[in-house]
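What follows is a short report on a single structure.
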2 protein chains.
Amino acid sequence: MRFSQDRLSEKQLFESLQIPVPPYRTVDSAQDLRNAADDIGLPLVLKTRRLGYDGKGQAVVREEADLSHALTALGDSNLIAEQWVPFDCEVSAICVRNVRGDVLVYPLIENQHRDGILIISRAPAEANGLAALATRHLRQMLAHFDYVGVLTIEFFVVGDQLLANEFAPRVHNSGHWTIEGARTSQFENHLRAILDLPLGDVSPVGHAAMLNLIGSMPSKTLELGNETTFLHDYGKSPRPGRKLGHITVVASNPADRERTVTRLSEILVASANPTGIADCIDLPR
Amino acid sequence: MRFSQDRLSEKQLFESLQIPVPPYRTVDSAQDLRNAADDIGLPLVLKTRRLGYDGKGQAVVREEADLSHALTALGDSNLIAEQWVPFDCEVSAICVRNVRGDVLVYPLIENQHRDGILIISRAPAEANGLAALATRHLRQMLAHFDYVGVLTIEFFVVGDQLLANEFAPRVHNSGHWTIEGARTSQFENHLRAILDLPLGDVSPVGHAAMLNLIGSMPSKTLELGNETTFLHDYGKSPRPGRKLGHITVVASNPADRERTVTRLSEILVASANPTGIADCIDLPR
């Protein structure tokens, strides 16, 4: 928890485990930020070291003029400045280890974020060729902590490189598709792991996508579940930017999955729903 | 409920819907039973009309001498006598219909009982060639009741015939494998149905088997779950003949499934567990 809740400790941990990270600098003053901009270049992302999630506690610095705004927004100490990595895509890697030390790794998941919030995950990711590399990184972290349970690392994919963004010592939003899309869900495997039960098969049962429902539940809720889609309503009160539910699609091939994702997105956009979905999906206009 | 709780009404319902049933006679006296034995032959099964489940309220009459014992055990009225059908196997057919009238049918399930209690179910059944016939019978019943939710009919398979044994207006023990073995479980589809949501895909995701845990939970509980097996513990107090949990196996082919079923059965028998499992599986001695 200590490492995952402090972005500096987290990055130092990744580095100590030979897991590559984007270039970054610590920032505790306006001068630090100016030096960071010179060293790692613009654009950069300024982040609070602690208490950041879902895009909170972050500011993008695209040009010189943004530097002071960012400091005003976030305070001027206990920050880190990260290079804005020109990534091909973002993926997460989810693994599970039980008390007796068995390890299983789910297929890589491709994630699309808007304003720091996860909008869509797809699995297995097209970048699944990097799965062996991701598994190596996961195993380094599992071994370091003698970890038991589900653990997630988010990476930027840059060519054939994986740069670690952050990790979560828990089940992860990007793994919710495993409820219907994998033989054993991340939730069941977390319980099996901590109870020292044998782990369950992590193979996918198809090509899955998960769409987060953010801010408000769509008006046509009933139409969002069908033969290949699974609606989850968390029963939370609506609030801008809040994750209120998700829909999982399980299809037999990527093309069918994309057709369903597009159809769902059209319904979501039509019901004036979720933050960002229109930016993530190329809808016919 | 009224029809499924009274074996005579149930059989009359099947007949009115052109769903074949084994030959039977009503029995309200010793003379009725003697006439039934003459008409439908021995062996026969004598059953109470009401309140029978898991083999309770039944007696097998194999020879003349059993006739009076059976009446002593069950009382001498409100009974029915059924022909002991020389069936090839027993199957159940589970379907679901939502408020708007969409219907989906799970693959046929092959069931093995001992002493009237379900021990093992396997799906898809080898007898799945009879699925179209089963679906026709299910649709007749759904239409008759304008039914909404999950509905199950149990059949005897005799050659290419299906003889209805009983039906259940609900999710069914023989459908528990759908939790991990089908795209959408019978439980989720029941909820979708009564909420008038679109139904979820009922396709199997592999070759599944479900083993009931009866009477006592096995001592080596931890070893009963693994990559392809899923342990369910209902948290009930042990009692002879009581269903306390089940294990679902999901394999990619029937041979792998049978290997796992055999391994599990060996563990169950070794831990002096469940009623009947040794009779249902050919274990190496």
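The values are calculated or read from the model by the stated rules, or taken from the named source; none is laboratory data. Just so you know, these numbers come straight off a predicted model, no measurement behind them. Every residue, glycine as well, gets a Cβ built from its backbone with ideal geometry; the counts of neighbours run over all protein chains shown. The accessibility values were calculated without ligands, DNA or RNA, using every heavy atom of the protein model including side chains. Shrake-Rupley method; radii C 1.70, N 1.55, O 1.52, S 1.80 Å.
Of note:
- For segment B:36-49, the criterion of a residue being of a type in the set (Lys, Arg) and touching a residue at least 24 places away in the same chain (Cβ under 8 Å) is satisfied by at least one position.
- Members of segment B:15-29 that are of a type outside the set (Ser, Thr, Tyr) and open to solvent by less than 60 Å² (accessible area, probe 1.4 Å): B:LEU17, B:ILE19, B:PRO20, B:VAL21, B:PRO22, B:PRO23, B:VAL27
- Index of the failed condition, B:VAL171 passing every other in (1) within 14 Å of another protein chain (Cβ to nearest Cβ); (2) part of a loop (DSSP other than H, G, I, E, B): (1)
- Considering only residues in segment A:171-194 that are over 19 Å from the mean Cα position of the chain (by Cα) and of a type in the set (Val, Ile, Thr), the one that is surrounded by the fewest Cβ atoms within 10 Å (Cβ to Cβ) turns out to be A:ILE194.
- Residues that are within 14 Å of chain A (Cβ to nearest Cβ) and open to solvent by 10 Å² or more (accessible area, probe 1.4 Å), drawn from segment B:198-216: B:PRO198, B:ASP201, B:VAL202, B:SER203, B:PRO204, B:VAL205, B:GLY206, B:HIS207
- Per the listing B:LEU42, B:LEU67, the residue uniquely in contact with a strand residue (DSSP E or B) (Cβ under 8 Å, 6 or more places away or on another chain), open to solvent by 30 Å² or more (accessible area, probe 1.4 Å) and outside the structural domain of B:LEU142 (by TED's automatic domain parsing) is B:LEU42.
- B:GLN12 being in contact (Cβ under 8 Å) with a residue 40 or more places away in the chain and open to solvent by 20 Å² or more (accessible area, probe 1.4 Å): no
- Only residues that are of a type in the set (Ser, Thr, Tyr), part of a loop (DSSP other than H, G, I, E, B) and at pLDDT 85 or above were counted across segment B:243-285, and they come to 1.
- For B:LEU79, the criteria (1) open to solvent by less than 10 Å² (accessible area, probe 1.4 Å); (2) modelled with pLDDT of 95 or more hold in every case but one, which is (2).
- Just one of the numbered conditions (1) within 13 Å of chain A (Cβ to nearest Cβ); (2) open to solvent by 20 Å² or more (accessible area, probe 1.4 Å); (3) modelled with pLDDT under 95; (4) not in a strand (DSSP E or B) is not true of B:PRO238: (1).
- Residue in segment B:71-79 that is touching a Gly at 6+ places or on another chain (Cβ under 7 Å) and not polar (S, T, N, Q) present: yes
- Breaking point among (1) under 22 Å from B:ALA168 (Cβ atoms); (2) among the hydrophobic types (A, V, I, L, M, F, W, C); (3) at pLDDT below 90; (4) in contact with a Leu (Cβ under 8 Å, 6 or more places away or on another chain), for B:ALA70: (1)
- Restricting attention to segment A:89-108, the residues that are under 15 Å from A:PHE155 (Cα atoms) and away from every other protein chain (no Cβ under 14 Å) add up to 9.
- Taken over segment A:53-67, residues that are at pLDDT 85 or above and more than 17 Å from A:VAL21 (Cβ to Cβ) amount to 9.
- Single residue of B:ALA36, B:ALA73 found to be more than 19 Å from the chain's Cα centre (by Cα) and either among the aromatic types (Phe, Trp, Tyr) or open to solvent by less than 20 Å² (accessible area, probe 1.4 Å) (or both): B:ALA36
- Just one of the listed residues (A:GLY129, A:GLY181, A:GLY225) is within 14 Å of chain B (Cβ to nearest Cβ) and at pLDDT below 95, namely A:GLY225.
- Of all residues in segment B:134-166, those satisfying the criterion of being open to solvent by 20 Å² or more (accessible area, probe 1.4 Å) and either within 24 Å of B:GLY101 (Cβ to Cβ) or aliphatic (A, V, I, L, M) (or both) are B:THR135, B:ARG136, B:ARG139, B:GLN140, B:ALA143, B:HIS144, B:PHE145, B:ASP146, B:TYR147, B:VAL148, B:VAL158, B:LEU163.
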